[in-house]
Amino acid sequence: MTNKPIENNFQEQKILLVDDDPSLLKLLSVRLQATGLEVKTAESASQAIALIPSYHPQLVITDLRMEEMDGLELFNFLQKKYPTLPVIILTAHGTIKEAVSATRQGVFGFLTKPIDSHELLELINKALELNKHVSSDPQTEKGAFWRENIITRSTIMENLLSEVQHVAHSEVSVFIHGESGTGKELIAKAIHKASSRKNEEFVAVNCSAIPEELLESELFGHCKGAFSGASANRKGLFEVADGGSLFLDEIGDMPLSFQVKLLRVLQEGEIRPVGTNKSINVDVRIISASHQDLKQLASEERFRMDLYYRLNVVTLSLPRLTERLEDIPLLAKHFITNNDFKVQPIAKGLSSEAMELLIAYSWPGNVRQFKNVIEHVCTFATTPLIPVSLVEKALQEKQISLPSFNDAKKNFERDYLVKLLQLANGNVTEAARLAKRNRTEFYRLLNRHELKAAQFKTL
Ligand SMILES: Nc1ncnc2c1ncn2[C@@H]1O[C@H](COP(=O)(O)OP(=O)(O)OP(=O)(O)O)[C@@H](O)[C@H]1O
Ligand SMILES: [Mg+2]
């Protein structure tokens, strides 16, 4: 216990105290009000729930044992309705087991009565600091449907979400930078949903997954007969996204030769489908993303500097999962309860050792990998609390199942060749032309992957 003076820095912060013992409520509220906090009290969970919509507290402090609905049940209710509203639980009957179970479920803190004022104020300070950008005002929450899929209580993420809201109201081009699996696409969608374009299309294109020679027709469209295989007119993704937003994912992998065409479209606001002379006006908001450092690529002349400036009026940087460890319990709970399993899993939560392991892990694949691991352990869990051994096993398997860089490259090359041969109907000259390789080189590639062009000929 520390005895340093309590700082009075809580002006205009609202707390809701819930306890079925009126004398304790009175005592605590007087103590808290003395620090500048605004305090309202409720003698039951249902009274608290009724107060929140008009009071909009930034923090709820509740007793654990209460008639009708206890503190944990109140927390569960609040977490669904106001996911970012922190809850501190107090109890006279505190056991370590209950505290672990409560914090595992995402309760902000757990204190045992008699309450140590310093400890309580420190915890309140932490909770308010972490949530200073968040409003529990239901009006704002409703207006915040754009961020409903983004689960976080991290200050870095909350700052980022304020930027998202800010840029969404303008038309500037946004570049999202972040490691694989950090939520780049989720943020791109949030920008779209928070913007005035929200009722129009959001179209995502993965620039690294489309072969260079197909990018132009994918993005700008083509007319019938424009190239072999173009059996009908086809709208490009720019036209599909007209009035809405186009998300160019992994933009750093876009070939230089295509970057110049994209730049022209962005400057002129019109596209020309392959095989036509007709230009079509498009009104599209561009959001781009990459795990690579575009500026670095541009300085190495692997990305056009002019396109870099055009795309990158504002950069949003996503933190790694290990930079937002406070989100791990929240995300775990979210992925355990919100899943697409046909049969609801038995697992309802994680054992404390399992949670510790998840917090200590390095997460190279960030939230995407975390989600996969949680879904994996949920599938195999036969008990309500997922044991640490299952998590250990899942983490090992994930590492083993990740191919090496060389293997991944080889697989990609083979899939690409197969796609080319299918497109060219087994005609090597045509396939080599599409790949911009000469025939000898192309045959060498086919041999390396033991592919026979003849197998792709349709009769
Ligand atoms: N804060 C979050 N809350 C809930 N789910 C999240 C969050 N961040 C990421 N996810 C989930 O993690 C997965 C990966 O997110 P997303 O596809 O947006 O990441 P990414 O950075 O585009 O990944 P990649 O680099 O692999 O393309 C998705 O299933 C997404 O819904
Ligand atoms: Mg992505």
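The values are calculated or read from the model by the stated rules, or taken from the named source; none is laboratory data. Since the structure is predicted, the reported quantities are computational estimates derived from the model, not experimental observations. Quick reminder, even Gly has a Cβ in these numbers, built from the backbone with ideal geometry, and neighbours come from all protein chains shown.
Before moving on, here are some points about what is shown:
- Candidates are the residues of the range 402-457 that are of a type in the set (Asp, Glu) and touching a residue at least 12 places away in the same chain (Cβ under 8 Å); the one that is nearest to GLY229 (Cα to Cα) is GLU430.
- Within the range 174-197, tally of residues that are more than 16 Å from ligand 2 (Cβ to nearest atom), assigned to a loop (DSSP other than H, G, I, E, B) and surrounded by 15 or more Cβ atoms within 10 Å (Cβ to Cβ): 2
- Qualifying residue in the range 159-178 (condition: closer than 30 Å to ASN411 by Cα, without any contact (Cβ under 8 Å) to a residue 12 or more places away in the chain, more than 12 Å from ligand 1 (Cβ to nearest atom) and in contact with a Leu (Cβ under 9 Å, 6 or more places away or on another chain)): no
- Taken across the range 92-102, residues that are modelled with pLDDT of 75 or more, buried (at least 19 other Cβ atoms within 10 Å of the Cβ) and not acidic (Asp, Glu) do not occur at all.
- Top-ranked residue in the range 198-224 [being part of a helix (DSSP H, G or I) and out of contact with any helix residue (DSSP H, G or I) (no Cβ under 7 Å at 6 or more places or on another chain); ranked as farthest from ligand 1 (Cβ to nearest atom)]: SER217
- The range 53-65, residues that are surrounded by 21 or more Cβ atoms within 10 Å (Cβ to Cβ) and out of contact with any Pro (no Cβ under 7 Å at 6 or more places or on another chain): PRO57, GLN58, VAL60, ILE61, THR62, ASP63, LEU64
- Residue within the range 251-271 that is within 16 Å of ligand 2 (Cβ to nearest atom) and touching a strand residue (DSSP E or B) at 6+ places or on another chain (Cβ under 6 Å) present: yes
- Residue in the range 156-164 that is of a type outside the set (S, T, N, Q), surrounded by fewer than 15 Cβ atoms within 10 Å (Cβ to Cβ) and out of contact with any helix residue (DSSP H, G or I) (no Cβ under 8 Å at 6 or more places or on another chain) present: no
- Condition check for LEU266: outside the structural domain of PHE370 (by TED's automatic domain parsing), aliphatic (A, V, I, L, M) and surrounded by fewer than 20 Cβ atoms within 10 Å (Cβ to Cβ): yes
- Filtered by the rule that a residue be at negative phi and charged (D, E, K, R), the range 60-93 gives ASP63, ARG65, GLU67, ASP70, GLU73, LYS80, LYS81.
- Unique match (being under 30 Å from ASN277 (Cβ atoms), more than 16 Å from ligand 2 (Cβ to nearest atom) and modelled with pLDDT of 95 or more) among PHE238, PHE247: PHE238
- Of the helices (runs of 4 or more DSSP H) contained entirely in the range 238-349, those carrying at least 3 residues that are closer than 25 Å to HIS169 by Cβ fall at 256-268, 305-311.
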